[in-house]
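Accompanying notes for the structure given below.
The values are calculated or read from the model by the stated rules, or taken from the named source; none is laboratory data. Because the structure is a prediction, the values reported are computed rather than measured. Positions of Cβ are generated from backbone atoms using ideal geometry, with glycine treated the same way; all protein chains shown enter the neighbour counts.
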Amino acid sequence: MQESSSPLRDALFVGDNLALDFINTRYGVGAAQRECLVDDASVLGWLRQAGVLPDDVQAAPRGLLKLALELRENATALVAAARTSDATEAGVVNRVLESGRATRELQWDAASQSFQIVTARRRDDASSLLEPVAQALVTLLTETPLELVKPCEAHDCTLLFRDLTKSHRRRWCSMAACGNRMKVAAFRERQRVK
C-alpha cells in the first residue's frame, strides 16, 4: 500500500458522521490507496481536524496509533455487519468506551447561579482521546437507519457516507470529487457509443 506523503492533507470529511469519517481515514484502491493514520501525531492531527481533540492535549499518549487502527478495523467490521444484518464482536469499541469514558459531575456554576453537569476526560490516554469516535459509532449503529449509510458508487472509491439528503438519493461521497468524475465518464461513454 502506498502511504501518502501528507496524511492529514489527504483526510476527507465527507461521511457526515464522525465515526464514518474515522473509518474513511483509509480509502482508495490500488496505487491510489491512502492511509491518513500513519503515526501518533497524525492521529492527534485527525482528531484536531475532526474537532474532538481537547485543547490541552499537546502530546500523543503511548499506543495511540495502535489503538486507533484497532478501533478503525473494529468500527469498519461493525458497520459492515450491521448493514448486512450479521453479528460481529464489538470488543475494541467496548474497550474504548469503558476505559475512555468521560466523567460527569454536578458542579455549581457561580456565573449562572445554577448547577451544571460538567464532563471531563478521565485521563490523558489513548482510550480517552478516541472515546468520542467510539461514542459516534454507537450512535450511528443504534440511532441511524443503516440504509442511509452508503458506500460511494464510484468504482474506485471506498468511502462511506451518511445520506442526509431529503430524497435519500445521494450516490457519491462528494459531488465535487467522485460525482463530477463519474458524470463526466458517463457522458463520454454516451458520446463514444453514438
**Request:** Can you confirm whether region 47-54 contains a residue that is free of Cβ contacts under 8 Å to residues at least 40 places away in the same chain, of a type in the set (Lys, Arg) and farther than 21 Å from Cys157 by Cα?
**Result:** yes
**Complete:** Per the list (1) surrounded by 15 or more Cβ atoms within 10 Å (Cβ to Cβ); (2) in contact with a Leu (Cβ under 6 Å, 6 or more places away or on another chain), residue check on Leu65 breaks on (2)
**Complete:** Flagged in region 106-118 as in a strand (DSSP E or B) and among the hydroxyl-bearing types (Ser, Thr, Tyr), in numbering order, are Ser114
**Asked** Filtering region 96-111 down to residues that are among the small types (Gly, Ala, Ser) and more than 12 Å from Ala126 (Cα to Cα), which residue is surrounded by the most Cβ atoms within 10 Å (Cβ to Cβ)?
**Response** Ala102
**Message:** Condition first: among the hydroxyl-bearing types (Ser, Thr, Tyr) and in a loop (DSSP other than H, G, I, E, B). Can you find one or more residues in region 119-130 that meet it?
**Reply:** no
**Item:** region 41-50, residues that are buried (at least 17 other Cβ atoms within 10 Å of the Cβ) and under 12 Å from Phe22 (Cβ atoms)
**Value:** Val43, Trp46, Leu47, Ala50
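The rows are residues; the columns are (1) at pLDDT 90 or above; (2) crowded, with 16+ Cβ neighbours inside 10 Å; (3) out of contact with any Gly (no Cβ under 7 Å at 6 or more places or on another chain); (4) under 21 Å from Ser128 (Cα atoms).
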position: Asn17; (1), (2), (3), (4): yes, yes, yes, yes
position: Val52; (1), (2), (3), (4): yes, yes, yes, yes
position: Ala81; (1), (2), (3), (4): yes, no, yes, no
position: Asn94; (1), (2), (3), (4): yes, no, yes, yes
**Message:** Within region 165-187, does at least one residue satisfy the condition of being out of contact with any helix residue (DSSP H, G or I) (no Cβ under 7 Å at 6 or more places or on another chain), part of a loop (DSSP other than H, G, I, E, B), at pLDDT 90 or above and surrounded by 13 or more Cβ atoms within 10 Å (Cβ to Cβ)?
**Reply:** no
**Asked** Is one or more of the residues making up region 100-114 among the small types (Gly, Ala, Ser), more than 22 Å from Ser42 (Cβ to Cβ) and in contact with a helix residue (DSSP H, G or I) (Cβ under 7 Å, 6 or more places away or on another chain)?
**Response** yes
**Message:** For Lys150, only one of the following conditions fails: (1) more than 16 Å from Gly15 (Cα to Cα); (2) in a strand (DSSP E or B); (3) in contact with a Phe, Trp or Tyr (Cβ under 9 Å, 6 or more places away or on another chain). What is its number?
**Reply:** (1)
**Message:** Pull out all pairs, ordered by first then second residue, where Cβ-Cβ is under 8 Å, the residues are six or more apart or on different chains, the first lies in region 175-194 and is within 22 Å of Leu160 (Cβ to Cβ) and among the basic types (Lys, Arg), and the second is modelled with pLDDT of 75 or more and surrounded by 10 or more Cβ atoms within 10 Å (Cβ to Cβ).
**Reply:** Arg181/Ala154
**Message:** On the basis of being of a type outside the set (Lys, Arg), touching a Lys or Arg at 6+ places or on another chain (Cβ under 6 Å) and farther than 30 Å from Ala176 by Cα, does Ala110 make the cut?
**Reply:** no
**Message:** Could you go through region 22-33 and let me know if any residue there is surrounded by fewer than 20 Cβ atoms within 10 Å (Cβ to Cβ), modelled with pLDDT of 90 or more and not β-branched (Val, Ile, Thr).
**Reply:** yes
